[in-house]
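The values are calculated or read from the model by the stated rules, or taken from the named source; none is laboratory data. What you see is a predicted model; the values in this text were computed from it and never measured. Neighbour counts are summed over all protein chains in view; Cβ atoms, including those assigned to glycine, are modelled from backbone coordinates with ideal geometry.
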Amino acid sequence: MTRVSSHAEVDADARALASVVRMRILRLCLDEALTNKQIAERLGKDPATTYHHVRTLAARGFLAAEAERRGARGAREIPYRATKKSWRTDIGEAGSRLLIETFLEEVAEAPPSSVVASRLGVRLGSEAYEQLHRRLGDLLQEYADLEPDPEGTPYSIFVAVHEDVARGRRARDSNP
């Protein structure tokens with residue numbers, strides 16, 4: 001039976017994801033379980049700051065704590081792994097900008113030769129737009145469902161489709 005989320009739960013999930021730092025934590029913990037200290041080191045952040053974000057993500061089920069372990073100096077460590085819950089979670093109206101900001105931070109750290117980008121302008125009717133949206137979603141889901149290759153290179157995929165407002169204005173303004 002499919003569980004229907006209440007509006008309050010959907011809103012709480014969206015708020016939990018409403019941070020570039022949290023989105024980056026989820027990506028870091030996708031392939032391997034990391035402790036708060038490891039997360040902080042990889043992001044260049046203070047562990048106290050990342051701990052707040054880790055706790056928020058874990059509380060909403062976006063991160064799962066794995067078995068406690070002892071660190072190099074005997075300190076108690078809890079590694080966290082992303083649950084992939086965020087893949088289909090509605091992140092609200094501000095979500096697209098958040099994803100773009102996250103993308104820009106990650107791409108700034110990527111070797112330039114590893115970034116492949118394309119840009120295309122099209123003019124589509126509603127049926128063709130829905131088909132594009134569905135096909136892109138299906139393609140991304142196909143790759144999300146693949147079993148990760150432990151020896152493979154980690155990649156991130158960012159796709160954005162937006163109305164080209166300036167092109168639309170010119171076309172409307174030039175037609176009497």
Only residues in region 107-120 that are touching a residue at least 12 places away in the same chain (Cβ under 8 Å) count as the first member; pair them with residues that are β-branched (Val, Ile, Thr) and part of a helix (DSSP H, G or I), Cβ under 8 angstrom, at least 6 apart or cross-chain, and list the lot.
none
Over region 106-135, the set of residues in a helix (DSSP H, G or I) and charged (D, E, K, R) is 106, 109, 127, 130, 134, 135
Restricting the first residue to region 145-160 and requiring it to be over 18 Å from residue 117 (Cα atoms), which pairs with a second residue that is of a type in the set (A, V, I, L, M) and surrounded by 10 or more Cβ atoms within 10 Å (Cβ to Cβ) meet a Cβ separation below 9 Å and a spacing of at least six or different chains?
148/30
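Rundown of residues vs (1) within 13 Å of the chain's Cα centre (by Cα); (2) more than 19 Å from residue 31 (Cα to Cα); (3) touching a residue at least 12 places away in the same chain (Cβ under 8 Å), yes/no style:
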| site | (1), (2), (3) |
| --- | --- |
| 46 | no, yes, no |
| 57 | yes, no, yes |
| 78 | no, no, yes |
| 95 | yes, yes, yes |
| 101 | yes, yes, yes |
Which residue, of 163, 142, is assigned to a loop (DSSP other than H, G, I, E, B) and either without any contact (Cβ under 8 Å) to a residue 60 or more places away in the chain or at positive phi (or both)?
163
Matching residues, region 29-59, being of a type outside the set (Ser, Thr, Tyr) and surrounded by 20 or more Cβ atoms within 10 Å (Cβ to Cβ)
29, 34, 36, 39, 40, 53, 54, 57
One residue is enough: does region 25-45 have a residue meeting the conditions farther than 25 Å from residue 107 by Cα and of a type in the set (A, V, I, L, M, F, W, C)?
no
Residue check, residue 92 at positive phi, surrounded by 12 or more Cβ atoms within 10 Å (Cβ to Cβ) and at pLDDT 95 or above
no
Here are 75, 108, 166, 117: which of them is under 30 Å from residue 59 (Cα atoms) and surrounded by fewer than 10 Cβ atoms within 10 Å (Cβ to Cβ)?
108
Matching entry among 55, 15 (being at pLDDT below 95, out of contact with any helix residue (DSSP H, G or I) (no Cβ under 6 Å at 6 or more places or on another chain) and basic (Lys, Arg)):
15
Quick check on this structure: which one of 54, 107, 21, 10 is in contact with a Leu (Cβ under 8 Å, 6 or more places away or on another chain), closer than 28 Å to residue 162 by Cα and of a type outside the set (Gly, Ala, Ser)?
21
